[in-house]
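Some notes on the structure that comes next.
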Amino acid sequence: MGEIIVITSGKGGVGKTTTTANIGTGLAAMGHKVALVDTDIGLRNLDVVLGLENRIVYDLVDVTSGNCRLRQALIRDKKLEGLHLLPAAQTKDKTAINPEQMRQLCSDLKKEFDYIIIDCPAGIEQGFRNAIAGAEKAIVVTTPEVSAVRDADRIIGLLEAVELREPKLIINRIRPKMVRQGDMMSIEDIIDILAVDLLGVIPEDEMIVITTNRGESVVLDQNSRSGQAYRNIVRRLTGEEVPVLNFDENEGFFKKLKKMIGIK
Amino acid sequence: MGREMVVFKGTRNGLVIVLDPNREYEEIRNTLLKKMESAKGFFKGAKFSFFNGQQAIPENQKSELENICRQFGLVPNAEEEQAVLKTCFSDNSSRQAVTAPKAVPFSGEAAYLVKRSLRSGQRVQYPGHVVVLGDIHPGAEVVSGGSVMVMGSCRGVVHAGAGGDRSAKVIALRLAPTVICIADRRHAPERDRQTPRPRLARLSGQEIVFEEYQTGR
C-alpha cells in the first residue's frame with residue numbers, strides 16, 4: 001500500500017511543481033513505484049516540466065468522469081521505469097472534479113504505487129480542496145519571503161483543520177549570502193514563524209532553470225547543490241536521517257582566514 | 001402596550017435585563033441602546049445578565065447586546081447564567097436556591113481558552129476574556145470583549161476590550177502584534193526585535209502603552 005503526499009504552498013510560483021517533479025523522480029530513481037498527479041486543471045505544468053507533454057492522450061478529468069480507465073491515462077516516464085504521471089486536463093477548470101472523486105482516485109492509485117505525489121494548484125479554493133482530499137501527508141513549500149511564508153501559514157492552518165497534521169516544510173530558493181548579510185529571512189526565522197518540521201532546504205540555483213527548461217530533473221544531476229538538496233529530501237521521505245546541507249562552503253577568502261585565526 | 005420590550009430588574013445577583021421574546025431582535029437592540037443612553041451611566045459597574053423568557057438568545061445577538069451594555073460600563077455576570085435566572089425568575093422554590101450554598105465557590109471571570117496556535121486567516125471572537133495557549137501568528141486575529149492573554153508570541157492582530165472596556169489588557173510572553181487595539185484605541189507598533197520578555201499593553205489616557213509584565217498588576 002502506497003503513501004499519498006500532497007505538495008502545496010498557497011502562494012504561486014514558489015516551486016510546487018518543480019518540487020513534485022524532483023521528489024517523484026528521486027523516489028523513482030531509488031527504485032520505488034511512483035505516481036505523480038497534477039491537479040492544476042486548466043494550468044497544467046507538471047507534464048511540461050517532466051518533458052512528457054507530447055505523450056498525453058487522456059487526463060485526470062477523463063479518469064474521474066469515466067471516459068477512460070486509470071491505466072490508460074497514466075504516462076510512463078521516458079527514462080525511469082517506476083515513474084508515472086497522471087496529467088491534469090487543460091481545457092477544463094477546477095470544478096471538473098470534486099474531493100470525493102479525488103479520494104476515490106487516490107485509493108485506486110494506492111493499490112499499485114509506493115508513492116502518490118499530488119501537485120496542488122496555488123490558492124485555497126476548490127483546486128486546493130480537491131488536491132488535499134485524498135492525501136495522507138502534506139509537504140508545504142515556501143520561499144524566504146514574507147508573502148510566501150504568510151500564505152504557507154494559512155495553508156498549514158487549513159491542512160490542520162482537515163486533520164492533515166504535522167505537515168513538513170521545504171524552504172526553496174534560499175540565498176545563503178543574502179541571509180548572512182541579513183537581507184533575507186533565515187531558515188530559523190521561517191521555522192520560528194511557522195512552527196513545523198523542516199524537510200529540507202533548496203538553495204537558489206541556475207541548474208533548476210536549465211534542467212526544468214529541458215524537461216529534466218535536477219535531482220539526477222550529481223554536480224549541483226540543488227540536486228543534492230533534493231536527493232536529501234527524498235532520502236528523508238523514505239525515513240533516513242540526513243543532516244541539512246551546509247551552504248556556507250562558498251564563503252569568502254577573508255572569512256575563511258578570519259576563522260582560521262579565530263576571530264570569526 | 002402590554003409589555004415593555006426591555007425591562008431592568010435589580011436582583012441580589014445583579015441586574016437582570018428582561019427581553020420580550022416576542023419582539024424582533026432589531027427592535028430589542030435599539031430599545032436597549034436608547035434606554036442605556038437615557039440612563040447616562042446610572043448602571044455603571046453593575047453586573048448584568050439577560051433573560052429572554054424560555055428562549056435562548058442566539059450567540060451572535062447575545063454578544064452584540066452584551067457589547068452594548070459594556071459600552072455603558074456594565075459588567076457581564078460571570079456566574080452561571082442559568083443559576084442566576086433560576087434564583088430570580090422561577091416560583092417559590094427559587095427562594096431556597098438563593099439560600100442554599102453554591103456547589104462550587106467561584107470567583108473571577110470566565111474566559112475562552114484557545115488550546116492551539118492561531119495561524120494566518122484564523123480568527124477568534126469572544127465577548128469575554130481570551131486565553132491563547134500558543135502563538136498568534138501574523139495574519140491571525142483575536143477580538144475579545146475583555147483582556148487577552150497569550151502564552152506564546154503575539155504577532156497578529158489583537159483587539160482587547162472590543163465592547164469599550166478601557167481596563168482591558170493584552171499580555172503575551174512575546175508581545176509584537178501587527179496591530180493592537182484596546183477599547184477604541186488602535187496602535188500599529190514599529191517592527192522591533194525586542195527581547196522576548198513577557199509584556200503587557202494597556203490604555204493610559206488615550207495612549208496604548210507597553211510595559212514589562214509583573215505579577216499582581
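Quick check on my filter: what residues within the stretch B:113-137 are open to solvent by 20 Å² or more (accessible area, probe 1.4 Å) and within 11 Å of another protein chain (Cβ to nearest Cβ)? Give the steps one after another, and end with the answer.
Of the residues in the stretch B:113-137, the ones open to solvent by 20 Å² or more (accessible area, probe 1.4 Å) are B:113, B:115-117, B:121-123, B:125-127, B:129, B:131, B:133, B:135.
B:116, B:117, B:121, B:122, B:123, B:135 - these are the residues of the stretch B:113-137 that are open to solvent by 20 Å² or more (accessible area, probe 1.4 Å) and within 11 Å of another protein chain (Cβ to nearest Cβ).
Could you name every one of the helices (runs of 4 or more DSSP H) located completely within the stretch B:23-136 that has at least 1 residues being modelled with pLDDT under 80, outside the structural domain of residue B:170 (by TED's automatic domain parsing) and within 30 Å of residue B:200 (Cα to Cα)? Give the steps one after another, and end with the answer.
Working: elements: B:25-39, B:59-71, B:81-89, B:93-99.
Correct list: B:59-71.
How many residues does the stretch A:21-52 hold that are β-branched (Val, Ile, Thr) and in a loop (DSSP other than H, G, I, E, B)?
Start the filter on the stretch A:21-52 by keeping residues that are β-branched (Val, Ile, Thr), which leaves A:23, A:25, A:34, A:37, A:39, A:41, A:48-49.
With the extra rule that they be in a loop (DSSP other than H, G, I, E, B), the set shrinks to A:39, A:41.
Residues meeting the conditions: 2.
Could we say that residue A:199 is modelled with pLDDT of 95 or more, under 16 Å from the mean Cα position of the chain (by Cα) and more than 14 Å from chain B (Cβ to nearest Cβ) here?
Values: modelled with pLDDT of 95 or more: yes; under 16 Å from the mean Cα position of the chain (by Cα): yes; more than 14 Å from chain B (Cβ to nearest Cβ): yes.
Criteria met by residue A:199.
So residue A:104 ticks every box in (1) in contact (Cβ under 8 Å) with a residue 60 or more places away in the chain; (2) of a type outside the set (A, V, I, L, M, F, W, C); (3) under 20 Å from residue A:34 (Cα atoms) but one. Which box is left unticked?
(1)
At least 2 residues that are polar (S, T, N, Q) and open to solvent by 20 Å² or more (accessible area, probe 1.4 Å) in each: list the helices (runs of 4 or more DSSP H) lying fully within the stretch A:53-134 that qualify. Steps first, answer last, please.
On the way: elements: A:60-64, A:70-73, A:99-112, A:126-133.
Result: A:99-112.
In the stretch A:145-158, what residues are more than 10 Å from chain B (Cβ to nearest Cβ), surrounded by fewer than 23 Cβ atoms within 10 Å (Cβ to Cβ) and not hydroxyl-bearing (Ser, Thr, Tyr)?
Residues of the stretch A:145-158 that are more than 10 Å from chain B (Cβ to nearest Cβ), as a first pass: A:145, A:147-148.
Narrowing further to those that are surrounded by fewer than 23 Cβ atoms within 10 Å (Cβ to Cβ): A:145, A:147.
A:145, the sole residue that qualifies.
So residue B:201 ticks every box in (1) buried (at least 19 other Cβ atoms within 10 Å of the Cβ); (2) within 14 Å of another protein chain (Cβ to nearest Cβ); (3) not in a loop (DSSP other than H, G, I, E, B) but one. Which box is left unticked?
Tallying (1) buried (at least 19 other Cβ atoms within 10 Å of the Cβ); (2) within 14 Å of another protein chain (Cβ to nearest Cβ); (3) not in a loop (DSSP other than H, G, I, E, B), residue B:201 fails exactly one: (2).
So residue A:163 ticks every box in (1) within 14 Å of chain B (Cβ to nearest Cβ); (2) under 19 Å from residue A:36 (Cα atoms) but one. Which box is left unticked?
Among (1) within 14 Å of chain B (Cβ to nearest Cβ); (2) under 19 Å from residue A:36 (Cα atoms), residue A:163 violates only (2).
Scan A:170, A:190 and give me the residue that is β-branched (Val, Ile, Thr), within 27 Å of residue A:51 (Cα to Cα) and not in a loop (DSSP other than H, G, I, E, B). Steps first, answer last, please.
Values: A:190 fails: within 27 Å of residue A:51 (Cα to Cα).
Just one listed residue meets the conditions, A:170.
Here's a check for you: in the stretch B:138-154, which residue that is part of a strand (DSSP E or B) and of a type in the set (A, V, I, L, M, F, W, C) is surrounded by the fewest Cβ atoms within 10 Å (Cβ to Cβ)?
Filtering the stretch B:138-154 down to residues part of a strand (DSSP E or B) leaves B:141-144, B:148-154.
Still in the running and of a type in the set (A, V, I, L, M, F, W, C): B:142-143, B:148-151, B:154.
Values: B:142: 26, B:143: 18, B:148: 32, B:149: 22, B:150: 28, B:151: 15, B:154: 29.
Filtering first and then ranking leaves B:151.
The values are calculated or read from the model by the stated rules, or taken from the named source; none is laboratory data. These figures come from a predicted structure and were not determined experimentally. Note: ideal-geometry Cβ built from the backbone for every residue, glycine included; neighbour counts use all protein chains shown. Side chains included, ligands, DNA and RNA excluded: accessible areas come from the protein's heavy atoms. Shrake-Rupley method; radii C 1.70, N 1.55, O 1.52, S 1.80 Å.
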